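Asker: I'd like to ask some things about the structure below.
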Amino acid sequence: MEVVEKISHLMHRFHSEAAEFLSQSETAESFRIRWLGKKGAITEIFEEMKTVAKELRPEAGKQIHALRQKVESFLEAQQKKESEQWIEATIAARHIDPTLPVQFGSQGALHPVTLMRHRLMEIFQRYGFSIYEGPEIESDFYNFSALNFQAEHPARDMQDTFFLADQSTPLVLRTHTSNAQIHAMLQEKPPIRLISPGKVFRVDSDASHTPAFHQLECLVVDRRISMAHLKGMIDAFVQEIFGSDIRTRFRPSYFPFVEPGAEIDVACTLCRGKGCQTCSQTGWLEIGGCGMVHPNVFEAVNYDSEEYTGFAFGFGIDRMAMLAYGLPDLRQLFEGDVSLHRQFPLYQ
Ligand code: PHE
C-alpha cells in the first residue's frame, strides 16, 4: 500500500476511534500510547517515511503532520477533561478543594506530645516491635481484673477512676495503657513484641498531673524472657531520647500485674544526675513502671506461665516530652496554645 493511502486510512481510523473513545471508558493515556507511543501508529508511519520515494515525501509529510496535530489536540482536550473530572470527584469525596492555593507560612506544627510519640514509635519499630492500639473506653475486665487487680484495690476507687455514668454495664475511661496487654494476648499467640501508645484518664490535676494524659505500654512475651531484657530495653530507648550518658535505675515497687515490679527512674535530664530543683536534689526522675508479667495475668489470657515469661513497662509520654523539650509545667501542654507548638520544628 502506498504511504499516502496508509495515511488516509489512519486518518479514518483515528476519526472512528476518537468517536468511540468518547462513548467508552478508555483513558487518554492508553489512547496516547496507541497513537503516539514508541510503537504507536504515528511513530510507525514516520519510520516508513524513510522508504518513501523522494518526490512523494513533501505531500506525505504534510499529511502525517496534519494527522499528528489532530491526535495531539484531541488528546489535550481529553486530558483536560479527565483532570477536571478528577478534581470534581476529589472535592466530592474529600470535601476539600485541591485547586485552592497552598498557603506557605501559615503552616501548623506538631504538638510536643505527638512529636515525642512519633519519636518513640520510630525507635521501637526499629527494634522490631509492632504497634497495637487499645480502646480508651474499657470494661473492668481489661482495665483491672484480668490485670490481677483484686476487687478492693484502691485504683478502682472513685478517687482515681472515671466511671461512665451509665453503670448498667460498668465501663471506665482506661486508667492506663496496660489494658492493651490483655487485648493483644487474647488476640495473638506468643512471641509478642508490641508497644501501645495512647490516652489514659485519671481523676487528678496539678502541675505534674492532668486528668487526661498519654502513656506508652510495652509488652514482650516469649520463652526465657528475663529481667535483663527489660533493663536493656529501657536503657536503650531512654538513651536514644536523652543521650548515651543518661543512666536508668529500678526501684522495687508494686503493680498487681507484674512480679517483681519496679518504678523506672532516669537520671535527671537537666542536671545529668548531679541534683537540682527539678529532681528535688535526688538526681533522679521517675518516668513509669515495669516488671515481669504476673502468672495470674497469663492465666487470665490462657497462656502457659510454665512455658512463657514476659516483661511489661509503661510510662508517660507527656513526662518524656516535658523532660526532652524542657517544659516546666505539664498543664501548658494541654492549653491549646499554638505558639507553644510552633517552637518545635516538625522533624527532629
Ligand atoms: N500501668 C502502670 C501505670 O500506669 C505502669 C506499668 C506498666 C507498670 C507495665 C508495670 C508494667 O502506672
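The values are calculated or read from the model by the stated rules, or taken from the named source; none is laboratory data. Values in this document were obtained by computation on a predicted structure and should not be read as measured data. So basically every Cβ, Gly included, is an ideal-geometry build from the backbone, and we count neighbours across all protein chains shown. For the accessible areas, the whole protein counts, side chains as well, though only heavy atoms, and no ligand, DNA or RNA atoms are used. Shrake-Rupley method; radii C 1.70, N 1.55, O 1.52, S 1.80 Å.
Asker: Can you tally the net charge around LEU330? Count Lys and Arg as +1, Asp and Glu as -1, for every other residue whose Cβ sits under 12 Å from the Cβ of LEU330. Could you put the intermediate results ahead of the total?
Answerer: On the way: positive: ARG319, ARG331; negative: ASP204, ASP206, ASP318, ASP329, GLU335.
Charge balance near LEU330 sits at -3.
Asker: Still on this structure, please answer the following. Taking a cut-off of 29 Å between Cα atoms, list the lysines near LYS39, but don't count ones fewer than 8 places away on the same chain.
Answerer: Output for LYS39: LYS6, LYS50, LYS54, LYS62, LYS70, LYS80, LYS81.
Asker: Taking only the C-alpha atoms, wrap a convex hull around the stretch 3-94 and report its volume per residue in Å³ as a whole number. Please report the intermediate quantities before stating the final value.
Answerer: Details: hull volume 7.5 nm³, N = 92.
Per residue, the Cα convex hull of the stretch 3-94 comes to 81 Å³.
Asker: Right, here's the next one. Ignoring ligands, DNA and RNA, what percent of the accessible area of the chain is carbon or sulfur (1.4 Å)? Intermediate results must be reported in sequence, preceding the final value.
Answerer: Details: 10360 of 19490 Å².
Here carbon and sulfur together make up 53 percent of the probe-accessible area.
Asker: Which distance in Å, rounded to a whole number, links the C-alpha centroids of the stretch 210-250 and the stretch 256-315?
Answerer: 8
Asker: To the nearest 10 degrees, how steeply does helix 112-126 sit against the main Cα axis of the chain, on a 0 to 90 scale?
Answerer: Tilt of helix 112-126: around 80 degrees.
Asker: Once you put a point 7 Å from the Cα of ASN302 and another 7 Å from the Cα of LEU56, both along the Cβ direction, what distance in nm separates them?
Answerer: It is 8.2 nm.
Asker: Report, in deg cm²/dmol and to the nearest 500, the calculated mean residue ellipticity at 222 nm for the chain, where each DSSP H run with n ≥ 4 adds -39500 (n - 2.57) and the sum is divided by the residue count. Can you show the working numbers first?
Answerer: Working: 11 runs with 139 residues, N = 348.
-12500 deg cm²/dmol, from helical runs alone.
Asker: Just the number please: accessible area per residue for the chain, 1.4 Å probe, all protein chains included, in Å². Write out the running numbers ahead of the final one.
Answerer: Numbers: 19490 Å² over 348 residues.
Heavy-atom SASA per residue in the chain reads 56 Å².
Asker: Considering every pair of different Cα atoms, what Kirkwood radius, in Å, is found for the stretch 162-224? Show your work: numbers first, answer last.
Answerer: Details: mean 1/r = 0.0743 Å⁻¹.
In the stretch 162-224 this quantity evaluates to 13.5 Å.
Asker: Extending each Cα 7 Å along its Cβ direction at SER280 and VAL102, get the distance between those two points in nm, one decimal.
Answerer: Label-label distance for SER280 and VAL102, simple model: 5.0 nm.
Asker: Sorted by packing (mean other beta-carbon atoms within 10 Å per residue), highest first, where do 243-253, 179-189, 307-317, 28-38 land? Numbers along the way, then the final one.
Answerer: Working: 243-253: 13.5, 179-189: 19.4, 307-317: 22.9, 28-38: 15.3.
With the highest mean Cβ count within 10 Å placed first, the list reads 307-317, 179-189, 28-38, 243-253.
Asker: For the stretch 119-268, what relative contact order do you get, as a whole percent, if you take Cα pairs closer than 8 Å and at least 6 residues apart?
Answerer: Details: 218 pairs, mean separation 31.5, N = 150.
This gives 21 percent for the stretch 119-268.
Asker: Over the chain, what is the relative contact order in whole percent, taking alpha-carbon pairs under 8 Å and six or more residues apart?
Answerer: Numbers: 491 pairs, mean separation 51.5, N = 348.
It rounds to 15 percent for the chain.
Asker: Moving on to the next point. Across 5 Å bins from 0, what is the distribution of all Cα-Cα pair distances for the stretch 112-341, in whole percents?
Answerer: Over the stretch 112-341, the share of Cα pairs per 5 Å bin runs 1, 6, 14, 19, 20, 17, 12, 7, 3, 1, 0 percent.
Asker: Let me ask another. With contacts defined as alpha carbon pairs under 8 Å and 6 or more residues apart, what's the relative contact order of the stretch 253-329 in percent? The partial results should precede the final answer.
Answerer: Working: 116 pairs, mean separation 20.9, N = 77.
Reported relative contact order: 27 percent.
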